[in-house]
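Working notes for the structure below.
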Amino acid sequence: MRSYKPEELFDENGKLKAEPAELAPKGGRRMGASPHANGGTLLKDLVMPDLRDYAVKVPKPGDAVAEATRIMGGMLRDVMKLNAESKNFRVMGPDETVSNRLGALLEVTDKVFMEEVLPTGDHLSPDGRVMEVLSEHLCQGWLEGYLLTGHHGLFSCYEAFIHIIDSMFNQHAKWLKVTRHIPWRRPIASLNYLLTSHVWRQDHDGFSHQDPGFIDHVVNKKADIVRVYLPPDANTLLSVTDHCLRSRHYENVIVAGKQPALQWLNMDSAIEHCTAGIGIWEWASNDQNSEPEVVMACAGDIPTLETLAAVALLRANIPDLKVRVVNIVDLMTLQPSSEHPHGLNDRDFDSLFTADKPIVFAFHGYPWLIHRLTYRRTNHGNLHVRGYKEEGTTTTPFDMTVLNELDRFHLAGDVVDRVPRLQRWGAHFKQLLRNKLIEHKQYIGRYGDDMPEIRDWKWPY
């Protein structure tokens, strides 16, 4: 201890001498008082483009095809460009920026790289605003630090591998929760996740890339901190992304596909639907001015596609059946309003889902999460959920839904099983559905691709 020479630092009364005391930083230079340790005080709003500039034209539902995240990539490119001078925005991801269809970002910035750039280097520079490295831990840590010091960002990742940062997500959520109630702590920009290359379109990578369970992990956190969005098409993805990038002090999780897919809503309808978070799709329903016999609910892009295909089958074969289609973008609307600020009150929930009619719910993730969110609801006993149940392999896109019984034929069969009058005379229709499943298996075994009527299906109404 004497090696510290305390007699040079302290007087005979043990008080720190004036000279070393003067070395301590003052004011904002103090570690605990640095504005960079309270990033919300430095935070400036992002300059945002008009999301309508990127809208996919949808003359009528199912009349256009687009890659949702590629459309989103165009918007992110311009967010990056508009905030280039302030250097206020970054995108992190584990070597998947282009794979996830966000390559438009590289039109206005490079991937950051601090070492020598070889001739084979692709979009690498020390000034890049895209931070890409095959370590989800690094991406999460970088983004947390970036947000905590008063900036904005987004983390893009394959859905199955975001689990790698589960504990880091937890700790950031806990920090957000605690600091929300510390008055001198200013809110920071939200930590935004884009989960793509998701479970239902991993036909080339297979079982190892099929896991939608991160959202189960997310909803364990406090309701005033977490948000989960499942936009069904490109325009709803644009609306959700615009909202998340403007938000503060949340962890926002967006799940969206990157493959070419049918588009359902024009931009005005998409904004309206995303603002509500949940709603009846009138154009897909035929229960107007009457009570539905069944509610077909869906959350996620592929569950939405399969639900609409099932509805088309039902309307073609049982034209007098009254069907209501409810689509959910904001997963938290399913919780009671007493549990989550986005939750529906019981009266509104019963208005959408009825108090006593069967509900067939096609969900992007594990089915039991929907039961967790809705177990207090009046009609929970009539709720039947289809989703991912840990069945997968390297197979065709449609076969993934068949393996997990989320496909249109199983969904249509569920309706026959649950609508009382159809149980008495629906045997012929059920047999047609079973035959279609057999035909599907035989076809993919022979040709290695989905049947044309599946692959080229369009909304017929």
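Okay, here's what the table says:
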item: Test for Thr374: is it outside the structural domain of Ala256 (by TED's automatic domain parsing), touching a residue at least 60 places away in the same chain (Cβ under 8 Å), of a type outside the set (Lys, Arg) and surrounded by 12 or more Cβ atoms within 10 Å (Cβ to Cβ); result: no
item: Positions within region 11-36 being free of Cβ contacts under 8 Å to residues at least 40 places away in the same chain and surrounded by 13 or more Cβ atoms within 10 Å (Cβ to Cβ), in sequence order; result: Ser34
item: Residues (in contact with a Gly (Cβ under 6 Å, 6 or more places away or on another chain) and either without any contact (Cβ under 8 Å) to a residue 24 or more places away in the chain or β-branched (Val, Ile, Thr) (or both)) located in region 76-109; result: Thr109
item: Residue list for region 192-215, restricted to those being over 11 Å from the mean Cα position of the chain (by Cα) and more than 14 Å from Glu390 (Cα to Cα); result: Ser197, Arg201, Asp203, His204, Asp205
item: Residue identified as farther than 15 Å from Thr307 by Cα and touching a Gly at 6+ places or on another chain (Cβ under 8 Å) among Thr396, Thr378; result: Thr396
item: Region 309-325 residues that are at pLDDT 95 or above, paired with ones that are surrounded by fewer than 16 Cβ atoms within 10 Å (Cβ to Cβ) (beta carbon under 6 Å, 6 or more apart); result: Ala312/Pro460; Lys322/Ser290
item: Selection status of Val112, touching a Gly at 6+ places or on another chain (Cβ under 9 Å), within 24 Å of Gly150 (Cα to Cα) and buried (at least 19 other Cβ atoms within 10 Å of the Cβ); result: no
item: Yes/no for Pro61 being under 30 Å from Leu265 (Cα atoms) and either touching a strand residue (DSSP E or B) at 6+ places or on another chain (Cβ under 7 Å) or in contact (Cβ under 8 Å) with a residue 40 or more places away in the chain (or both); result: yes
item: Hits in region 147-175 (condition: under 22 Å from Ala223 (Cα atoms) and of a type in the set (S, T, N, Q)); result: Ser167, Asn170, Gln171
item: Residue list for region 407-434, filter: aliphatic (A, V, I, L, M) and surrounded by fewer than 17 Cβ atoms within 10 Å (Cβ to Cβ); result: Ala427, Leu432
item: Phe398 vs. criteria touching a helix residue (DSSP H, G or I) at 6+ places or on another chain (Cβ under 9 Å), more than 28 Å from Ala270 (Cβ to Cβ) and not in a loop (DSSP other than H, G, I, E, B); result: no
item: Residue match in region 311-332 (condition: in a loop (DSSP other than H, G, I, E, B), crowded, with 21+ Cβ neighbours inside 10 Å and of a type in the set (A, V, I, L, M)); result: yes
item: Criterion violated by Arg101 - all others in (1) part of a loop (DSSP other than H, G, I, E, B); (2) in the same structural domain as Ala160 (by TED's automatic domain parsing); (3) out of contact with any helix residue (DSSP H, G or I) (no Cβ under 9 Å at 6 or more places or on another chain) satisfied; result: (3)
item: Unmet requirement for His217, which otherwise passes all of (1) under 26 Å from Gly343 (Cα atoms); (2) in contact with a strand residue (DSSP E or B) (Cβ under 8 Å, 6 or more places away or on another chain); (3) not small (Gly, Ala, Ser); result: (2)
item: Boolean, Ala362 is touching a residue at least 60 places away in the same chain (Cβ under 8 Å), in contact with a Cys (Cβ under 9 Å, 6 or more places away or on another chain) and among the aliphatic types (A, V, I, L, M); result: yes
item: Helices (runs of 4 or more DSSP H) (entirely within region 1-82) containing at least 2 residues that are of a type in the set (Val, Ile, Thr) and within 30 Å of Val98 (Cβ to Cβ); result: 68-82
item: Qualifying residues in region 330-370 (those that are under 27 Å from Ala309 (Cα atoms) and acidic (Asp, Glu)) - the one nearest to the chain's Cα centre (by Cα); result: Asp330
item: Those residues of region 349-395 which are in a loop (DSSP other than H, G, I, E, B), under 28 Å from Ser290 (Cβ atoms) and acidic (Asp, Glu), in sequence order; result: Asp356
item: Selection count, region 412-456, where residues are part of a helix (DSSP H, G or I) and touching a Ser or Thr at 6+ places or on another chain (Cβ under 6 Å); result: 1
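The values are calculated or read from the model by the stated rules, or taken from the named source; none is laboratory data. What you are looking at is a predicted structure, and each value in this text was computed from that prediction instead of being measured. Note: ideal-geometry Cβ built from the backbone for every residue, glycine included; neighbour counts use all protein chains shown.
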